[in-house]
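Step one of this worksheet: look at the structure below.
The values are calculated or read from the model by the stated rules, or taken from the named source; none is laboratory data. Please read these numbers as outputs of a predicted model, since none were measured by experiment. Neighbour counts run over all protein chains shown; Cβ positions are idealised from the backbone, glycine included. Ligands, DNA and RNA are excluded from the accessible area calculation, which covers all protein heavy atoms including side chains. Shrake-Rupley method; radii C 1.70, N 1.55, O 1.52, S 1.80 Å.
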Amino acid sequence: MADTTAPQSTAAVLGRREEGAMLGISRTSRYIAHAILILGVIVVAFPIYYTFVASTHSLQTILRPPLPLLPGDRFFDNYYQALFGGVGRIGGVSVDLLLFNTTVMALGIAVGKIIISVLSAFAIVFFRFPGRMFFFWVIFITLMLPVEVRILPTYKVMVDLGLIDTYTGLILPLMASATATLLFRQFFLTIPGELVEAARVDGAGPWRFFKDILLPLSKTNIAALFVIMFIYGWTQYLWPLLVTNRNDMNTIVIALRKMISFADADTQWHLVMVTSILAILPPIMVVLFMQRWFVKGLVETEK
Amino acid sequence: MATVELKDVRKTYGGRVEAVKGVSIDIPDGAMCVLVGPSGCGKSTLLRMIAGLEEITSGTVSIGGEVVNTRGPAERDIAMVFQNYALYPHMKVYDNMAYGLRNRGMAKDEIDRRVREAAATLGLAELLERRPRELSGGQRQRVAMGRAIVRSPKAFLFDEPLSNLDAKLRGQMRIEIKNLQRALGVTSVYVTHDQVEAMTLADTLVVMNGGIAEQIDTPMAIYEKPASIFVAGFIGSPAMNLLAAHGAEQGKGLTLASGGAIKPRDLAAPEAGRQVLLGVRPEHLTLVSDSKNADIEMKVTAVETLGADTLAHGRPVAGDARGGELIARLPGSVRISEDDVLPLAIDAGAAHLFDAGTGKRI
Ligand SMILES: Nc1ncnc2c1ncn2[C@@H]1O[C@H](COP(=O)(O)OP(=O)(O)OP(=O)(O)O)[C@@H](O)[C@H]1O
Ligand SMILES: [Mg+2]
């Protein structure tokens with residue numbers, strides 16, 4: 001065949017273009033750019049670093065300012081105490097159960113939101129049914145009602161359904177998401193009609209089309225939403241506070257709050273710091289893990 | 001393999017826009033039928049109704065003798081090649097071709113055999129592991145063809161499959177499609193607005209205009225005997241000249257608006273006074289020595305030198321041509337320039353007559 005010089009993969013093209021752009025920048029301005037970036041990173045990362053430093057010192061050291069800038073020698077002691085010495089601390093609940101609760105809630109919200117919003121966007125974009133636009137607008141309008149506004153009626157419903165102190169109660173009310181539905185709708189609208197028709201000619205029914213074509217094409221979007229929703233669920237405060245009474249149903253954020261007594265001296269600050277560090281680890285891991293998908297998605301997407 | 005028959009097929013969008021206004025076509029088994037016409041004439045709509053992608057407002061579509069009006073695209077056993085290829089971007093070339101077969105529950109080794117066979121035919125064997133974005137336009141086009149071939153469907157449907165390729169590749173792919181279609185003997189419907197493509201590919205050519213089929217015949221028959229001034233103007237490049245004329249006295253042929261009298265040999269002369277249009281292809285205007293022998297005189301406004309031919313564009317000195325323009329295809333050796341007045345003779349034997357009112361061939 002005459003015309004088979006394979007076009008550069010998009011990745012290669014992107015890489016080259018970036019390099020080219022870099023070469024065009026002078027050395028000085030590159031240093032300045034880096035200095036600004038590093039400054040930004042320090043500003044953002046310092047509190048986290050300081051939390052980590054505090055988590056490796058004894059309570060006495062923390063309470064006697066100034067706090068050293070370097071980690072201390074109590075790393076193993078503090079973390080051991082926080083993880084395994086739990087009895088009587090956060091209402092008698094160990095940190096791993098709290099982390100488990102929070103993971104269940106964050107995963108439930110993230111996965112549930114994605115499933116619901118992908119399916120509803122699928123229905124709205126690819127099917128004609130009576131009241132389609134009505135449903136779309138109903139979903140759209142809920143955008144204007146944040147959780148806090150509808151928290152009382154929602155709480156009442158949860159009480160009536162006996163869902164207080166259950167995972168369902170924690171997850172369900174936070175699952176419906178107009179934002180995610182809209183995002184998927186916008187993405188689905190960019191899928192060319194020809195592709196849909198090709199699938200129809202190829203004998204793919206709605207379900208096959210969804211599973212074999214729509215979902216794989218939405219990979220990047222799903223990964224991005226998953227991260228955002230996971231962190232959203234992980235950091236929820238108000239709702240878990242309301243809907244859980246038992247200590248063993250607490251999330252880590254609630255527990256952290258409970259660890260901090262009003263009297264400063266009673267607070268085990270070193271353990272609070274350890275728990276804080278433990279609390280941010282899972283979201284960081286999710287971001288790091290999902291990052292691969294983002295980058296891949298960004299490089300692979302073609303328009 | 002099967003015949004495809006359309007009977008008085010109509011399509012009305014949203015109860016108002018009438019896109020296809022009653023088209024009937026019989027496509028014999030294994031033939032290539034090309035739908036050609038200007039933009040918006042309803043070609044794609046008609047094709048999509050055959051494919052089952054668009055509901056048929058009235059009339060019937062039969063494939064292989066069975067009316068398929070109510071069947072979905074997958075149950076009609078057709079394969080379609082789209083203008084933008086519509087390859088699944090996340091699937092490898094292999095899976096793109098295999099997908100339709102898998103959905104039909106075909107055995108794995110049979111799928112493999114068919115995909116590899118099609119890939120070999122199309123020169124895609126090396127590319128089976130690539131994804132569409134790693135292919136050139138021509139290769140993507142081939143994959144789209146492959147996806148159609150592996151299915152061994154009753155009919156192929158093409159909607160402007162070559163319009164995204166550059167001119168050279170288009171010419172090459174045109175021949176490949178033609179050969180492939182011949183070799184496989186699959187009944188095909190091919191939509192294009194490129195008349196060269198239409199002429200070269202078609203066994204049956206359908207010239208469409210405003211939702212109706214103006215003429216259905218072999219390409220040569222249409223070229224030689226266009227049924228209307230629309231077809232005359234659309235098929236052939238440059239377009240046919242249309243000169244205003246009217247019937248002369250009994251037996252005298254016709255009188256051009258420019259004053260010249262002409263007696264087209266094979267054409268029945270119109271009754272005296274009837275307003276007609278005389279159709280003359282640019283190659284049937286010949287340069288003569290002086291105005292005494294000329295049927296019409298043309299003042300040149302532009303000259304296109306093509307090498308073998310020279311195209312002279314101009315206006316008739318007297319009389320009237322449709323669109324006000326005349327084009328003559330003269331031998332390349334003729335030297336002319338702008339503002340020359342050319343005496344031209346009309347090859348009466350090759351001329352066409354159309355009614356000036358209805359635009360139909362007389
Ligand atoms: N979904 C639709 N709703 C309403 N009108 C439509 C729709 N699709 C096409 N039409 C109209 O029907 C007519 C025929 O359209 P069609 O797409 O068949 O044209 P075409 O011959 O394929 O043109 P082109 O060469 O530009 O592709 C056009 O006037 C178009 O505006
Ligand atoms: Mg079209």
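Am I reading the B/A interface right? What is its buried accessible area, both sides, 1.4 Å probe, to the nearest 100 Å²? The partial results should precede the final answer.
Working: alone 16410 and 18590 Å², together 32440 Å².
Buried: approximately 2600 Å² between A and B.
Residues of region B:4-233: accessible area per residue at 1.4 Å, in Å²?
Details: 8780 Å² over 230 residues.
With all protein chains present, region B:4-233 gives 38 Å² per residue.
For region B:165-259, build the convex hull from the C-alpha positions and give me its volume per residue in Å³.
Numbers: hull volume 13.5 nm³, N = 95.
Convex hull of Cα atoms, per residue: 142 Å³.
With +1 on each Lys and Arg Cβ and -1 on each Asp and Glu Cβ, how big is the dipole of chain B about its Cα centre, in debye rounded to the nearest 20? Show your work: numbers first, answer last.
Details: 43 positive and 44 negative charges, 208 e Å.
Dipole size: approximately 1000 debye.
Picking from B:V196, A:W137, A:A110, whose Cα lies most toward the positive end of the charge dipole for the protein assembly as shown (charges on Cβ: Lys, Arg +1; Asp, Glu -1)?
Projecting each Cα onto the dipole axis, the largest value belongs to A:A110.
Just to verify a number: what accessible area does A:W293 come out at with the full protein assembly present, 1.4 Å probe, Å² rounded to tens?
Surface open to solvent at A:W293 totals about 100 Å².
Using a 1.4 Å probe and ignoring any ligands, DNA or RNA, find the accessible area of B:F82 and quote it in Å² to the nearest 10.
10
If you plug each phi of region A:231-246 into the Karplus form 6.51 cos²θ - 1.76 cosθ + 1.60 with θ = phi - 60°, what whole-Hz ³J(HN,Hα) values come out, in order, with x for Gly and Pro?
5, 4, x, 5, 9, 4, 10, 4, 5, x, 4, 6, 8, 10, 10, 6
Rounded to two decimals, what is Rg over Rh for chain B when you use alpha-carbon atoms and the Kirkwood radius?
Values: Rg = 24.5 Å, Rh = 22.8 Å.
Checking Rg against Rh, the ratio lands at 1.07.
Please give me, ordered by residue number, the chymotrypsin sites (Phe, Trp or Tyr not before Pro) of region A:35-127 that lie in loop per DSSP and have at most 14 other Cβ atoms within 10 Å. Provide the component values of the computation, followed by the final result.
Values: sites: A:Y49, A:Y50, A:F52, A:F75, A:F76, A:Y79, A:Y80, A:F84, A:F100, A:F122, A:F126, A:F127; in loops: A:F127.
Qualifying residues, ordered by number: A:F127.
What FRET efficiency do you get for B:I212 and A:T179 if R0 is 51 Å and r is their Cβ-Cβ distance, rounded to the nearest 0.05? Each step should come with its number before you reach the end.
Working: r = 50 Å, r/R0 = 0.97.
With a Förster radius of 51 Å, E is 0.55.
Grab the alpha carbons of region B:239-355, take their convex hull, and tell me the volume per residue in Å³. Walk me through the intermediate numbers first.
On the way: hull volume 10.7 nm³, N = 117.
Spread over its residues, the Cα hull of region B:239-355 gives 92 Å³ apiece.
Ordering A:Y155, A:Y31, B:Y88 by accessible area with a probe of 1.4 Å, largest first, what comes out? Display every interim value, and only then the final one.
Values: A:Y155 75, A:Y31 145, B:Y88 0 Å².
The residues order as A:Y31, A:Y155, B:Y88, largest area first.
Please list, in chain and number order, the residues 5+ apart from B:G279 or on another chain whose amide H is under 5 Å from its amide H, with Hs placed from the backbone.
Hits under the 5 Å cutoff: B:L243, B:H352, B:L353, B:F354.
Quick one: dipole size for region B:263-362, taken about the Cα centre, charges +1 on Lys/Arg Cβ and -1 on Asp/Glu Cβ, in debye to the nearest 20. Could the numbers behind the result be given before it?
Working: 12 positive and 15 negative charges, 67 e Å.
That gives a dipole near 320 debye.
Under a crude label model (7 Å from the Cα following the beta-carbon direction), how far is B:R133 from A:F84 in nanometres?
Here the modelled spin labels are 4.9 nm apart.
Taking just the alpha carbons, could you work out the radius of gyration and Dmax for region A:95-302, both in angstroms?
In order Rg, Dmax, the Cα atoms of region A:95-302 give 20.2, 72 Å.
For B:S163 and A:A224, FRET efficiency with R0 = 35 Å and r from the beta-carbon atoms, rounded to 0.05? Working shown, then result.
Working: r = 35 Å, r/R0 = 1.01.
Efficiency for this residue pair is about 0.50.
What is the average number of partner chain Cβ atoms found within 10 Å of a Cβ in A:200-212?
Numbers: counts 7, 19, 16, 13, 6, 3, 0, 0, 3, 1, 0, 0, 7.
Average per residue, whole number: 6.
Express in nm, to one decimal, how much length is gained between B:T60 and B:A183 on full extension, taking 0.36 nm for each residue of separation and deducting their alpha carbon distance.
Details: separation 123, 0.36 × 123 = 44.28 nm, distance 2.91 nm.
Using 0.36 nm per residue and subtracting the Cα-Cα distance, I get 41.4 nm.
With a 1.4 Å probe and all protein chains left in place, how much of the accessible area of region B:158-199 comes from carbon and sulfur atoms, in whole percent? Can you show the working numbers first?
Working: 930 of 1710 Å².
The nonpolar share, carbon plus sulfur, comes to 54 percent.
Can you work out the FRET efficiency for the pair A:I36 and A:R150, with r the C-beta to C-beta distance and R0 = 45 Å, to the nearest 0.05? Display every interim value, and only then the final one.
Working: r = 42 Å, r/R0 = 0.94.
Step by step, r from the Cβ atoms, then E = 0.60.
How many Å³ per residue does the convex hull of the Cα positions in the protein assembly as shown occupy?
On the way: hull volume 166.1 nm³, N = 665.
It is 250 Å³ per residue.
How much accessible area does B:R361 have with a 1.4 Å probe, in Å² rounded to the nearest 10?
Roll a 1.4 Å probe over it and B:R361 shows about 70 Å².
Determine ³J(HN,Hα), in whole Hz, for all residues of region B:129-146 in sequence, where each value follows from phi through the Karplus function 6.51 cos²θ - 1.76 cosθ + 1.60 and θ = phi - 60°; x replaces Gly and Pro.
Those phi angles translate into 8, 7, 9, x, 5, 8, 10, 7, x, x, 5, 4, 4, 5, 5, 4, 5, x Hz.
Using DSSP to define loop residues, name the trypsin sites (Lys or Arg not before Pro) in region B:176-260 whose beta-carbon has at most 16 other beta-carbon atoms within 10 Å.
Numbers: sites: B:K178, B:R182, B:K252; in loops: B:K252.
Passing both the DSSP loop test and the Cβ count: B:K252.
In chain B, once you exclude exposed GluC sites (Glu not before Pro) (DSSP loop, at most 16 other Cβ within 10 angstrom), what's the longest stretch remaining? Write down the numbers at each step before the final one.
Values: sites that count: B:E55, B:E129, B:E249, B:E271, B:E338.
The reported range is B:130-248.
Long-range amide H contacts for B:M91: which residues qualify at under 5 Å (H placed 1.01 Å from N, peptide plane, sequence gap of 5 or more or a different chain)?
none
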